[in-house]
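The values are calculated or read from the model by the stated rules, or taken from the named source; none is laboratory data. Model, not experiment: these values are computed from the prediction. Quick reminder, even Gly has a Cβ in these numbers, built from the backbone with ideal geometry, and neighbours come from all protein chains shown. When the accessible area is computed, the model is the full protein with side chains, heavy atoms only, and any ligands, DNA or RNA have been set aside. Shrake-Rupley method; radii C 1.70, N 1.55, O 1.52, S 1.80 Å.
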Amino acid sequence: MSKAKFDNLIHAQNRLQICAMLNGVAEIEFKVLREKLLVSDSVLSKHLKSLEEVNYVHLAKRSDMGRQRTWLSLSTAGRKAYSSHLKALREIVGQK
């Protein structure tokens, strides 16, 4: 039996894209992620809050040249959940 788990929280389009982008990097700046997703600050913040509440995403605020910037990374739990979700999707479409 497979250990893959379909994750309804991750599966929402924007959250799936967030996890996919964060999975490929150590961290990414909020502004860059927002621009890549073509969403507003409030939309991105809402999705990040959902992912942060279940410890899938870490947010870190750092000052850079006098401006505070928010950096995002996928937690270990987030990486595991994303990987398991992708495996479940592959099983649904008949790929292993």
Check on N55, modelled with pLDDT of 95 or more and at positive phi: yes
Subset of region 72-96 (residues that are farther than 16 Å from A20 by Cα and not polar (S, T, N, Q)): E91, I92, V93, G94, K96
Entirely in the chain, the helices (runs of 4 or more DSSP H) that have 3 or more residues that are open to solvent by 70 Å² or more (accessible area, probe 1.4 Å) and out of contact with any Lys or Arg (no Cβ under 9 Å at 6 or more places or on another chain): 41-53, 76-92
